[in-house]
Amino acid sequence: MALKLDIELTDEQIKRMKEIPETSWFTSVSYLNADSPVHPNREFILNNEYKQQMVTDWISHAVKGKSVLDLFSANGIFTFLAALAGAREIVGVEYSKERVECAEFLASTLKTDCKISFVEMDVYKINEYFDRKFDVGLCLGGLYHVADPALLLRLLGDVITEHLIMQTSQVLSFPGNWAKFIVRGKDLTLKGMTSIRGGYGTWRYTPGCLRELLLHGGFRILEETRPPFWKRRRFPWYLAYCERINKIGYL
């Protein structure tokens, strides 16, 4: 579903929007007098539509009045959902300059008191870049492409103080605590679908492994979910709403 905004764009804004490459629009946006371009890969569109359905309630519950860090922010749709849900401040982190520019355009049209910004950077650099902490973290996608997901979650644990909303894909429906990494050559990286720099591979986790990874990062799961069984072939996902644990005496 497109993100629908009760906003009318100027002619100049419409012209600028149409110039943004289609591949930046992970989720399309509908304004009162114009619609954004649509991503050429229908799979991306379906993924983001369904992901919005699954995490919107969690976002609405967690972010009101909070500062939020949104990893793998793409063109910022979950950033904007958090802003519309009452977040005080949000910083999106994305490695693609093209997607950051798309997100910044969308932010410039949004009518909200929330302070929104985007940073073009490697997610592994968050502790080096930010000399502050955030109340809530969003990690919606991307985790299954990073080379070291355990490290990334530990880095997130260092900058998040209250809650983390996490989604990843390539989940294996098996018991136990294990995962495997499938290496891909640069010419086989899902034809540009990867969402992080150097994402030449894919992790496939069991739910038990993801629970241990979150604990390792310093997060206790409050609620977890997966798509219904009949949808898991198309959406092999795991989603968790977590609280930050005090490391002292626990990890």
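The values are calculated or read from the model by the stated rules, or taken from the named source; none is laboratory data. Note that the structure is a prediction, hence the values are computed from the model and not measured. Reconstructed Cβ throughout: ideal geometry from the backbone, glycine too, with neighbour counts over all protein chains shown.
One line per residue, one yes/no per condition, for (1) surrounded by fewer than 23 Cβ atoms within 10 Å (Cβ to Cβ); (2) among the aromatic types (Phe, Trp, Tyr); (3) under 25 Å from Glu22 (Cβ atoms):
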residue: Glu98; (1), (2), (3): yes, no, yes
residue: Leu106; (1), (2), (3): no, no, yes
residue: Thr109; (1), (2), (3): yes, no, yes
residue: Glu128; (1), (2), (3): yes, no, no
residue: Tyr144; (1), (2), (3): no, yes, yes
residue: Ala150; (1), (2), (3): yes, no, no
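Each residue in the stretch 31-64 was checked for being β-branched (Val, Ile, Thr) and buried (at least 18 other Cβ atoms within 10 Å of the Cβ), and 4 of them qualify.
In the stretch 133-251, which strands (runs of 3 or more DSSP E) lie fully inside it and hold 2 or more residues that are modelled with pLDDT of 95 or more and either out of contact with any Asp or Glu (no Cβ under 7 Å at 6 or more places or on another chain) or farther than 22 Å from Ala82 by Cα (or both)? Talk me through it step by step, then tell me what you get.
Details: elements: 134-140, 160-169, 179-183, 201-205, 219-225, 237-244.
Here the list reads 134-140, 160-169, 219-225, 237-244.
Against the criterion of being out of contact with any His (no Cβ under 8 Å at 6 or more places or on another chain) and without any contact (Cβ under 8 Å) to a residue 24 or more places away in the chain, Gly65 qualifies. Pro40 meets each of the listed conditions (1) part of a loop (DSSP other than H, G, I, E, B); (2) closer than 25 Å to Gly157 by Cβ apart from (2). If you go through the stretch 68-108 and keep only what is farther than 14 Å from Ile165 by Cβ and among the polar types (S, T, N, Q), you end up with Asn75, Ser96, Ser108.
Which of the residues belonging to the stretch 15-34 are more than 13 Å from Leu106 (Cβ to Cβ) and not in a loop (DSSP other than H, G, I, E, B)?
Step one: of the stretch 15-34, the residues more than 13 Å from Leu106 (Cβ to Cβ) are 15, 18-19, 21-23, 32-33.
Selection gives Lys15, Lys18, Glu19, Glu22, Thr23.
Given the residues Arg16, Arg88, which is the only one that is more than 16 Å from Gly141 (Cβ to Cβ), under 19 Å from the mean Cα position of the chain (by Cα), basic (Lys, Arg) and surrounded by 14 or more Cβ atoms within 10 Å (Cβ to Cβ)?
Numbers: Arg16 fails: under 19 Å from the mean Cα position of the chain (by Cα).
The match here is Arg88.
Go through the stretch 98-126 and give me each residue that's assigned to a helix (DSSP H, G or I) and not aliphatic (A, V, I, L, M). Those that are assigned to a helix (DSSP H, G or I) and not aliphatic (A, V, I, L, M): Glu98, Arg99, Glu101, Cys102, Glu104, Phe105, Ser108, Thr109, Tyr124, Lys125.
Here Gly65 passes the criteria (1) out of contact with any strand residue (DSSP E or B) (no Cβ under 8 Å at 6 or more places or on another chain); (2) in a helix (DSSP H, G or I); (3) closer than 30 Å to Gly157 by Cα except the one numbered (2).
Considering Ser67, Ser28, Ser24, Ser60, which residue is over 24 Å from Ser169 (Cβ atoms) and within 17 Å of the chain's Cα centre (by Cα)?
On the way: Ser28 fails: over 24 Å from Ser169 (Cβ atoms); Ser24 fails: over 24 Å from Ser169 (Cβ atoms); Ser60 fails: over 24 Å from Ser169 (Cβ atoms).
One residue alone meets the criteria, Ser67.
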